[in-house]
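Undergrad: One structure coming up, written as structure tokens, with questions to follow.
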Amino acid sequence: MPGVQQVEHPVRQHHAATFLEPARTPRHRGAQREEFWVVECHALASLDPRLPVVNPASFPRRVMNLRPALFLLALTALASAAFASREKPVIGLSLDTLKEERWQRDRDTFIAEAQRLGATVIVQSANSDDTRQVRDVESLISRKVDVLVIVPHNGSAMTRAVKSANDAKIPVIAYDRLILNAQIDYYLTFDNVKVGEAQAGYIVPRLPKDRPARIVRIYGAPTDNNAKLFKQGQDNILGPLIKAGKIQVVHEDWALDWKPENAKKIMNAAVTKAGRNLDAVIVSNDGTAGGAIQALQEDGLAGKVLVTGQDADLAACQRILRGTQAMTVYKPLTKLSHLAARIAVEVAKGGKPAATSTLHNGAKDVPSIFEAVIPVDKDNLLSTVVADGFHKAADLK
Ligand code: GAL
């Protein structure tokens, strides 16, 4: 209708394509953005003074008589859109990073299960940048997702993003890592203290008994609450032995952003400071273990010093068979991602699925579920990681 301003804005129905991810990977470059638009006629001059004012009274009578029917139609459309969204919830998945092998697997298995349950997923990855992750969550909120699933880069930095979600009445699930001091609805993860206990518990019986053992400790990212839980688990085992002088920590530090290159620097510094007479390096995950082992290789110590890890990354499993890494902690990721997809869909539909535990995050006792973890070395790698189909035996060679 010439002279009338049209205002367009996206509606809630299917407000994201079936699967949206910044097309960083060739595999997804095909995904196209689909959005639906509603056109509303505004004859009010207030919208754009450049356009002439149109008086609705000039509309033909028969058009005006259609108003009640048009109104009913719009109402029904909105109701069916609301019903459709409950039946086909949209989940906003905000990730810290996709740099590590495990997060790619979490993403893919989560999306597959969510889609199997009739939901659609919008994925954002913040590349370990807090400001960007807050922005990612804000944009998911503005797209009116039905539920948010967040892997925080920094458990404290996401507090204000969760506040925005609370204000928008969008439920929030913390995935794998806890969000601190925030009103979140669920925390779904593995037993992270058990991870640390498994790492230290594996090393202690293998340390020399005839003299104080000399170990290095490389913790995870200080921004990640899990890194503190892993350390707590290790402390539960090592603490009394360190106190008794049976174990000496010759060097320890935190690997910023879980970066392998940061772990390598810490390991180089440890050898420089404490020399080559080392018995073990307790490292919190496989990515950083890879960095530490690189440094040990440079000093001809790889395979002579026990090194721990976590995540059963492919490279780590290969190192375990080659003998340069002693163990890893296998976390059956699909169990966690499928659980999270199921809970996200139920919550999006207004449900209150039961949790098995709680954890206080500084703001509330968060309903939580802690999945079990499995220590793995060369003796049980095939019967765990391979048997589960997490890796193929052929790929471990
Ligand atoms: C932790 C996670 C580990 C490890 C690490 C680095 O929070 O629980 O599995 O991958 O992050 O991303």
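Undergrad: Find how much the distance from Glu261 to Lys246 grows on full extension, using 0.36 nm per residue of separation minus their present alpha carbon separation; answer in nm with one decimal.
TA: 2.4 nm
Undergrad: So between Leu321 and Arg135, what do we pick up on full extension, going 0.36 nm a residue minus the alpha carbon distance?
TA: Details: separation 186, 0.36 × 186 = 66.96 nm, distance 4.23 nm.
Full-extension gain reported as 62.7 nm.
Undergrad: List the residues whose amide H sits under 5 Å from the amide H of Ala302, counting only those 5 or more places along or on another chain, with H placed 1.01 Å from N in the peptide plane.
TA: Distant-sequence amide H within range of Ala302: Gln297.
Undergrad: Taking θ = phi - 60°, what integer Hz values does the Karplus form 6.51 cos²θ - 1.76 cosθ + 1.60 yield along segment 89-102, in sequence order, with x for Gly and Pro?
TA: Karplus values, whole Hz, x for Gly and Pro: x, 10, 9, x, 10, 10, 9, 5, 7, 10, 6, 8, 3, 4.
Undergrad: With a Förster radius of 45 Å, plug the Cβ-Cβ distance of Lys99 and Ala363 into 1/(1 + (r/R0)^6) and report the FRET value to the nearest 0.05.
TA: Once rounded, the FRET efficiency stands at 0.95.
Undergrad: Expressed in nm to one decimal, what extension gain is obtained for the pair Gln297 and Gln115 from 0.36 nm per residue of sequence separation less their Cα-Cα distance?
TA: 61.1 nm
Undergrad: Still on this structure, please answer the following. In whole Hz, what ³J(HN,Hα) sequence does segment 312-325 give by Karplus (6.51, -1.76, 1.60; θ = phi - 60°), x for Gly and Pro?
TA: The phi angles translate into 6, 4, 4, 4, 5, 5, 5, 5, 5, 6, 7, x, 8, 10 Hz.
Undergrad: Each residue of segment 241-253 in order: what ³J(HN,Hα) in whole Hz does its phi give by Karplus 6.51 cos²θ - 1.76 cosθ + 1.60, θ = phi - 60°, with x for Gly and Pro?
TA: Values, residue by residue: 6, 5, 4, 7, x, 7, 10, 10, 8, 7, 6, 8, 6 Hz.
Undergrad: May I pose another question? So what's Rg/Rh here for segment 233-307, counting alpha carbon atoms and using the Kirkwood radius for Rh? Can you show the working numbers first?
TA: Values: Rg = 12.2 Å, Rh = 12.7 Å.
Taking Rh as the inverse mean 1/r over Cα pairs, Rg/Rh reads 0.96.
Undergrad: Hand me the trypsin sites (Lys or Arg not before Pro) from segment 184-217 located in a DSSP loop with no more than 13 other Cβ atoms within 10 Å, in residue order please.
TA: Details: sites: Lys194, Arg206, Lys209, Arg214, Arg217; in loops: Lys209.
Of the trypsin sites (Lys or Arg not before Pro), the ones in loops of segment 184-217 whose Cβ has at most 13 other Cβ atoms within 10 Å are Lys209.
Undergrad: For a quick protection proxy, order the peptides 196-205, 347-356, 162-171 by their average other-Cβ count within 10 Å, most packed first.
TA: So the peptides 196-205, 347-356, 162-171, ranked by packing, come out 196-205, 162-171, 347-356.
Undergrad: Using 1/(1 + (r/R0)^6) with R0 = 51 angstrom and r between the beta carbons of Ser383 and Asn166, what's the FRET efficiency to the nearest 0.05? Intermediate values should be presented prior to the final figure.
TA: Numbers: r = 45 Å, r/R0 = 0.88.
Result of the calculation: an efficiency of 0.70.
Undergrad: Please go through segment 234-343 and write out the trypsin sites (Lys or Arg not before Pro) that DSSP classes as loop and that have at most 13 other C-beta atoms within 10 Å.
TA: Those that pass, being in a loop and sparsely packed, are Arg276, Lys304.
Values in this text are rule-based calculations from the coordinates and carry no lab data. The model shown is predicted, which means the values in this text are computed figures rather than measured ones. Note that we place each Cβ from the backbone using ideal geometry, even for glycine, and neighbour counts take in every protein chain shown.
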